[in-house]
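First up is the structure itself, then whatever we jot down about it.
The values are calculated or read from the model by the stated rules, or taken from the named source; none is laboratory data. As the structure is a computational prediction, the values presented were derived from the model and not from experiment. So basically every Cβ, Gly included, is an ideal-geometry build from the backbone, and we count neighbours across all protein chains shown.
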Amino acid sequence: MSYHVVTIESTKAELNCVDGQLVCTTAEGRRQLPLDDIAAIVVCCFSAKIEMLLLTEAAERGIGVVLCKTFKPACIMLPAQRNTDTELTRVWERVPRDFLDAAWQKTIDAKCRNQECLACAWCPESPAIAKIQEWARECRPDKEAAVSRLYWSVFREYLGDVDFLRLRNEGVSNCALDYGYAVLLARVLQSCFACGLDPTFDIGHATAERSTPLAYDLMEPFRPLVDARVMSWLHNTRPLPMELDTAFKHHLVPFLQDSITYKVRPRQVQTVIELSIRSFRKCLLEQNLETYVPWTAINSKWAGC
């Protein structure tokens, strides 16, 4: 099975297909990779020329092409036969709302547990840790928001920046997080479509026009993996650049190949994303919450910290 997510980040690029190979030509030169080794192509260029032959050859192999604007997915092109599953669409229409709410709670429980583990790895002596540990295990309506406030306070403490606030597009730290989440979202979207899930449905995030709330829902437990990789870059880069550079992107994107534990076995992050989404698909079809297994960290050893 193919696992490579190819990200094209040059300012300008030409993409085509020659003898079953993805060929990318930029100012730095020409590079190529067999299409059979690719799961998705993410294009983040300001200007890109994509040949029709590449799109049709990618479609034949079930490869999704994600086009980004300011590093955030704006469009995804997938083979028609793998777009969405009619049976699953019918399931969405009849599944009870309380079942979806329970699936969302299971997702949030996993996210909060992962935030707790990472916060403990960063600042085990922080006064906020005890509260995070307590609230991450409680059943409360404001659980996600309560844990998140404390989690970002630990992030700020470990970063050593008393002025840091988690706001989109505000400063290089926030832009680094935004970019990382965009990379994660692209992978989650590709896995959703590959499993026949229509990401315009939701279990937690509100549905809006031209949005993909299910992808945002299912990526929640994996966000701390991005946070850990971004933090390691912030700690090890001096001085910090005013804008994200190629070195940062090269540092961040390999987190998808990091090894984490899922169902007792070590696996790559991108594999766990797909397995988790497959478990959610099975959960929907069988209407059995036990079959949905969002990723939950079992220790505080984080790659990239």
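Cβ-Cβ below 6 Å, separation at least six or inter-chain, first residue in segment 92-103 and in contact (Cβ under 8 Å) with a residue 60 or more places away in the chain, second exposed (fewer than 15 other Cβ atoms within 10 Å of the Cβ): which pairs? As it stands, the answer is Ala102/Leu289, since those pairs meet every condition given.
A single member of Ala228, Ala182 is within 20 Å of Leu67 (Cα to Cα), modelled with pLDDT of 85 or more and hydrophobic (A, V, I, L, M, F, W, C), and it is Ala182.
Kindly provide the set of residues from segment 174-194 that are of a type in the set (Gly, Ala, Ser) and touching a helix residue (DSSP H, G or I) at 6+ places or on another chain (Cβ under 6 Å), ordered by number.
Here is the first cut: in segment 174-194, the ones of a type in the set (Gly, Ala, Ser) are 176, 180, 182, 186, 191, 194.
The answer is Ala176, Gly180, Ser191.
With respect to (1) closer than 30 Å to Glu93 by Cα; (2) free of Cβ contacts under 8 Å to residues at least 40 places away in the same chain; (3) buried (at least 18 other Cβ atoms within 10 Å of the Cβ); (4) out of contact with any Asp or Glu (no Cβ under 9 Å at 6 or more places or on another chain), the lone exception for Ala206 is condition (3). Only residues that are at pLDDT below 95 and either under 22 Å from Ala121 (Cβ atoms) or in a helix (DSSP H, G or I) (or both): list them for segment 285-295, please. Residues satisfying the conditions are Leu285, Glu286. The set of residues from segment 46-88 being modelled with pLDDT of 80 or more and touching an Asp or Glu at 6+ places or on another chain (Cβ under 7 Å) comprises Lys49, Arg61.
One line per residue, one yes/no per condition, for (1) within 13 Å of the chain's Cα centre (by Cα); (2) under 15 Å from Tyr181 (Cβ atoms):
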| position | (1), (2) |
| --- | --- |
| His205 | no, yes |
| Ser211 | no, yes |
| Leu214 | yes, no |
| Met219 | yes, yes |
| Leu234 | no, no |
| Val253 | yes, yes |
| Leu256 | yes, yes |
| Arg265 | no, no |
| Leu275 | no, no |
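A single entry from Leu167, Leu197 fulfils the requirement of being free of Cβ contacts under 8 Å to residues at least 12 places away in the same chain and either outside any helix (DSSP H, G or I) or out of contact with any helix residue (DSSP H, G or I) (no Cβ under 8 Å at 6 or more places or on another chain) (or both): Leu167. Considering segment 122-147, and only residues there that are out of contact with any helix residue (DSSP H, G or I) (no Cβ under 8 Å at 6 or more places or on another chain) and assigned to a helix (DSSP H, G or I), the residue that is nearest to His205 (Cα to Cα) turns out to be Ala145. Quick one: is Leu150 touching a residue at least 40 places away in the same chain (Cβ under 8 Å) and in contact with a helix residue (DSSP H, G or I) (Cβ under 9 Å, 6 or more places away or on another chain)? Taking the combined requirement at face value, the residue does not satisfy it.
The condition of being buried (at least 22 other Cβ atoms within 10 Å of the Cβ) and among the aliphatic types (A, V, I, L, M) holds for only one of Leu197, Leu159, Leu167, that being Leu197. Filtering Arg281, Arg267 for residues that are in a strand (DSSP E or B), surrounded by 13 or more Cβ atoms within 10 Å (Cβ to Cβ) and charged (D, E, K, R) leaves a single hit, Arg267.
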